[in-house]
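Right, one structure below, let's go through it.
The values are calculated or read from the model by the stated rules, or taken from the named source; none is laboratory data. Source: prediction; values computed, not measured. All Cβ positions, glycine included, derive from the backbone under ideal geometry; neighbour counts span all protein chains shown.
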Amino acid sequence: MKVSASSRIFQGFNALIMTLVIFFTLYPFIYLIAQSFSSEAAVYAGKVSFYPVDFTALTYKVILSKPDFFRYYGNTLLYAAVGTLISVTATAVMAYPLSKEKLRLNKFFIPFVLFTMYFGGGLIPNYILVAKTLDMRDTIWALVIPGAISAFNVILMKTFFSSLPNELEESAKVDGLDVYGIFLRITLPLSKPIIATMVLFVVVGIWNSWFDASLYIQSKEKWPVALYLRQVIETAISPTEIGASSEQTTQIAATVKSAAMVLTSLPIICIYPFVQKYFVQGMMIGSVKG
């Protein structure tokens, strides 16, 4: 088929726009990587842009040689694993009955879910509830329980469950499965795209969260890596504290923020390509019922 001149212009314009979007999206991370491997003289002189200048890996060697950094990584992995398991399980259990239009009181509970998307108790009541009433301060539960269920995720998963054919459940009932069997053996295996989407949402949220930890986690050894990064950025942790000698202090001070951000975001960047296809499919099916 012949492609008209207007179509070629349109395609070229789209390609140009997407190239610009990709460039502006990737450049900050490329810049961080280049800066983290550059010398302090090049960083302070503003010579770093797309590639390292006077290449050095000293900052990474110092940070990775400090056991505390891997402890923070381990804490974050634990929080992300436990928080994701709780959140996805609770969201699925809540969204499944809401997806059944014939279920009694279904329409009564949905407005309560939507209400929480627009109104909340506020920071001080939440802190009093978590730290004082529930006595979760300085525990993992303060980070994974309060935000376990998101109204947005519930609605997204509910819509996905509603898109599954009712004939599957009817056939399962004929074969003798009860409600729990249908949910565990039929619905969940067919819901891998939306579950993968929820997992990505929750993992990224917990991995990047530092504010809740700064409120509720008092013991430094229980910090997540994001809170450690925040302390590095605000220079609360000096280069000497993370293991640098007096000769290395100037170099570390120039690049420690970039190196810490690269090390923190790298795991999420590595995971995303493996769940991208599920993420796109889950978002499309979960957001539009057709």
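On the basis of being assigned by TED's automatic domain parsing to the domain that holds GLU169 and either among the aromatic types (Phe, Trp, Tyr) or in a helix (DSSP H, G or I) (or both), does TYR96 make the cut? Yes.
Highlighted here are the helices (runs of 4 or more DSSP H) found entirely within the stretch 1-86 that include at least 3 residues which are over 29 Å from the mean Cα position of the chain (by Cα): 5-36, 40-45. The stretch 113-189 holds helices (runs of 4 or more DSSP H) entirely within its bounds, and those carrying 1 or more residues that are of a type in the set (Phe, Trp, Tyr) map to 123-127, 141-144, 151-163, 179-182.
In the stretch 168-181, the residues that are in the same structural domain as MET94 (by TED's automatic domain parsing) and touching a residue at least 12 places away in the same chain (Cβ under 8 Å) reach residues that are basic (Lys, Arg) and surrounded by 10 or more Cβ atoms within 10 Å (Cβ to Cβ) with C-beta atoms within less than 9 angstrom, at least six apart or across chains, in these pairs: ALA172/ARG185. Just one of the listed residues (PRO67, PRO52) is assigned by TED's automatic domain parsing to the domain that holds TYR228 and farther than 18 Å from SER265 by Cα, and it is PRO67. With respect to the stated conditions, LEU143 fails to be farther than 26 Å from MET117 by Cα, in contact with a Ser or Thr (Cβ under 9 Å, 6 or more places away or on another chain) and in the same structural domain as THR76 (by TED's automatic domain parsing). Total residues in the stretch 81-114 satisfying the condition of being without any contact (Cβ under 8 Å) to a residue 24 or more places away in the chain, aromatic (Phe, Trp, Tyr) and either surrounded by 10 or more Cβ atoms within 10 Å (Cβ to Cβ) or touching a Pro at 6+ places or on another chain (Cβ under 9 Å) (or both): the figure is 1. Taking the listed residues VAL48, VAL43, the one that is of a type in the set (A, V, I, L, M) and touching a residue at least 40 places away in the same chain (Cβ under 8 Å) is VAL43, with no other qualifying.
Residues in the stretch 115-145 that are touching a residue at least 40 places away in the same chain (Cβ under 8 Å), of a type in the set (A, V, I, L, M) and closer than 13 Å to LEU215 by Cα were compared, and the one that is surrounded by the most Cβ atoms within 10 Å (Cβ to Cβ) is LEU143.
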